[in-house]
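Here is the structure we will look at.
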Amino acid sequence: MTSQIKNPPIDVLMCVGPRDVGRLFPYSLQSCVNRFECLNNIVIVTPVKNDVLNVLSQNKAWLAEANIVVLDDHDVLSERLLEWPSWCKQQVIKLHADTLCTTPVVACLGADTIIFNRINASHLFSDSAPILYYNRYTHTSKHLAYERCRVEHVARLLRVPPTRSWELGDFIMDFMLFESARLRELREYLGKLYGSEAFFHILPKQCDTIEQKVVFGEWTLYAVFLLDVLNARVPVQNSDNRFIAQVHSENELNNFHFNASAVHFVDKSIDLSRVIKIIEECDRSERTR
């Protein structure tokens with residue numbers, strides 16, 4: 001990667017659910033403001049707007065320089081989509097990121113994802129093109145098998161063989177770039193396949209379990225569309241659990257080394273106090289460098 005790439009302005013989209021507000025959302029937001037060097041505006045979409053606004057009000061000191069827009073789910077979703085499960089709604093919101101943000105490239109950041117090391121254009125672009133990251137884990141192969149299953153489901157939805165995407169498999173990043181123009185192309189393509197209400201045809205009817213969620217995923221849909229529908233020439237790079245890492249359990253937390261640029265704390269039953277202590281230790285270390 002080239003280290004001299006100029007940082008372009010990039011809007012960040014965050015979907016914040018009711019369970020996120022009292023957990024890692026404030027820390028995720030602060031890490032984005034402090035360590036994402038391309039940051040332009042932050043757009044937050046949430047079904048608990050007042051709760052999010054309260055968090056922002058309580059943290060005015062470090063948010064003074066940030067331009068943040070908070071939208072209610074009702075502002076961006078149709079009445080019919082509002083009736084769908086929260087997980088499905090967040091997928092649709094992210095796949096319409098270009099309609100909520102203004103920059104040609106939009107970053108989606110999970111509300112339970114913390115940026116631990118500074119992220120700039122050199123991490124995100126190759127020859128001015130957004131890098132499409134995939135992930136590998138050293139401790140287990142079950143995540144890759146699961147994500148390849150998701151690729152297969154998504155490829156069937158897009159009606160293409162996953163020729164390029166299957167080998168890469170795991171596109172779950174929780175800090176990922178969407179090109180606005182590509183998102184529009186994706187929705188146009190889905191419209192041709194399924195009509196004007198395409199998402200009602202492709203979203204799962206149930207998404208309470210990981211077995212139900214494997215049939216869909218916004219990152220995977222975008223990746224398979226680029227690689228196997230458009231056959232686009234995009235830079236592809238292995239995150240190797242270093243650009244974006246995931247902590248799925250207390251056991252993984254016990255053995256985790258926080259050297260990734262950003263970490264997604266997947267399991268909401270993970271001891272919050274332990275995670276906050278790690279975040280605070282990182283902040284102190286950064287201040288003393």
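Can you tell me which residue within the range 245-255, out of those that are within 21 Å of the chain's Cα centre (by Cα) and assigned to a loop (DSSP other than H, G, I, E, B), is surrounded by the fewest Cβ atoms within 10 Å (Cβ to Cβ)? Per the criteria, the residue is Ser249. Taking the range 182-196 as the range and being among the aliphatic types (A, V, I, L, M) and under 18 Å from the mean Cα position of the chain (by Cα) as the test, the residues that pass are Leu183, Leu186.
For the range 42-67, the set of residues classified as in a helix (DSSP H, G or I), out of contact with any Phe, Trp or Tyr (no Cβ under 8 Å at 6 or more places or on another chain) and surrounded by 13 or more Cβ atoms within 10 Å (Cβ to Cβ) consists of Lys49, Asp51, Leu53, Leu56, Leu63, listed by residue number. Within the range 68-84, the set of residues being surrounded by fewer than 17 Cβ atoms within 10 Å (Cβ to Cβ), out of contact with any Leu (no Cβ under 9 Å at 6 or more places or on another chain) and not acidic (Asp, Glu) comprises Ser78, Arg80, Leu82.
Restricted to the range 222-244, and to residues there that are among the aliphatic types (A, V, I, L, M) and assigned to a strand (DSSP E or B), the residue that is nearest to Thr113 (Cα to Cα) is Ile244. If you go through the range 269-284 and pick out every residue that is in contact with a Ser or Thr (Cβ under 8 Å, 6 or more places away or on another chain) and assigned to a helix (DSSP H, G or I), you end up with 1.
As a summary of the residue check, Leu203 satisfies the conditions (1) closer than 30 Å to Asn117 by Cα; (2) surrounded by 18 or more Cβ atoms within 10 Å (Cβ to Cβ) except for the one numbered (1). Screening the candidates Leu29, Leu13 for the property of being among the hydrophobic types (A, V, I, L, M, F, W, C) and in contact with a helix residue (DSSP H, G or I) (Cβ under 7 Å, 6 or more places away or on another chain) yields one hit, Leu13.
Within the range 116-141, if we keep just the residues that are within 16 Å of the chain's Cα centre (by Cα) and closer than 26 Å to Ile276 by Cα, the residue that is surrounded by the most Cβ atoms within 10 Å (Cβ to Cβ) turns out to be Ile119.
Rule-based calculations on the coordinates, nothing more; no lab input. Just so you know, these numbers come straight off a predicted model, no measurement behind them. Glycine gets a Cβ as well: all are built from the backbone with ideal geometry, and neighbour counts include every protein chain shown.
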